[in-house]
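What follows is a set of notes on a single structure, which appears directly below.
The values are calculated or read from the model by the stated rules, or taken from the named source; none is laboratory data. Computed from a predicted model, the values in this text were never measured in an experiment. Neighbour counts are summed over all protein chains in view; Cβ atoms, including those assigned to glycine, are modelled from backbone coordinates with ideal geometry.
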């Protein structure tokens, strides 16, 4: 996310993306644990949880910073923000519809074992328009990573080289790890941006 003059809206946007990554990584970690039936003794989810807690604590600090900043968004910028919010909502709606339709079709044609890979592909693809919309370039890499995982998972399932639950677990934890790493990257870039605005204590 590119910032010129730091405003309350800028910080709110960065905090929102951190929240997005924490939810995304937790969801995929729990999917991985469900597939494994917690046979890894919650180790994978525990590692993701450590990163998520760290990101959440940093997000709380950003609340304090928001209170200390004025809202410098001009009327034209405010209109752009509204349009951007509507586009954001449309992306999420299309993602939800795509997941629902995919789920129905895979169940109908008895390919339930492809659910995780297909859901991952949809999730990965949704990051590309998001990256352009909110100017978060790291989302291009995250989207590409998740799409590669989805295709790899499908190939593993089709080849029969590994058991279905192993392939699906690798995809799920790969998605969780990618989101956690991206969240850390967003946090580091946020710190850099804040230092440039003389707010180094954040």
Residue 2 fails exactly one of the following numbered conditions: (1) at pLDDT below 80; (2) more than 20 Å from the chain's Cα centre (by Cα). What is the number of that condition? (2)
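Look at residue 123 and say whether it is at pLDDT below 95 and closer than 27 Å to residue 16 by Cβ.
Judged against the criteria, residue 123 is not a match.
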When you scan the range 96-108, do you find a residue that is in a helix (DSSP H, G or I), surrounded by 14 or more Cβ atoms within 10 Å (Cβ to Cβ) and touching a residue at least 60 places away in the same chain (Cβ under 8 Å), even just one? no
Inspect all residues belonging to the range 122-130 and state whether any of them is in a helix (DSSP H, G or I) and over 29 Å from residue 62 (Cβ atoms). yes
Can you pull out every residue in the range 50-85 that is modelled with pLDDT of 90 or more and surrounded by 12 or more Cβ atoms within 10 Å (Cβ to Cβ)? 51, 52, 54, 55
Evaluate the range 134-142: report whether one residue or more is within 22 Å of the chain's Cα centre (by Cα), within 21 Å of residue 97 (Cα to Cα), surrounded by fewer than 20 Cβ atoms within 10 Å (Cβ to Cβ) and at pLDDT 95 or above. no
Report the residue count in the range 119-175 for those that are free of Cβ contacts under 8 Å to residues at least 12 places away in the same chain and more than 23 Å from residue 35 (Cβ to Cβ). 2
Selected residue [out of contact with any strand residue (DSSP E or B) (no Cβ under 6 Å at 6 or more places or on another chain), surrounded by fewer than 20 Cβ atoms within 10 Å (Cβ to Cβ) and part of a helix (DSSP H, G or I)] from 149, 184: 184
State whether one or more residues within the range 180-202 are under 17 Å from residue 121 (Cα atoms) and either in contact with a helix residue (DSSP H, G or I) (Cβ under 6 Å, 6 or more places away or on another chain) or modelled with pLDDT of 90 or more (or both). no
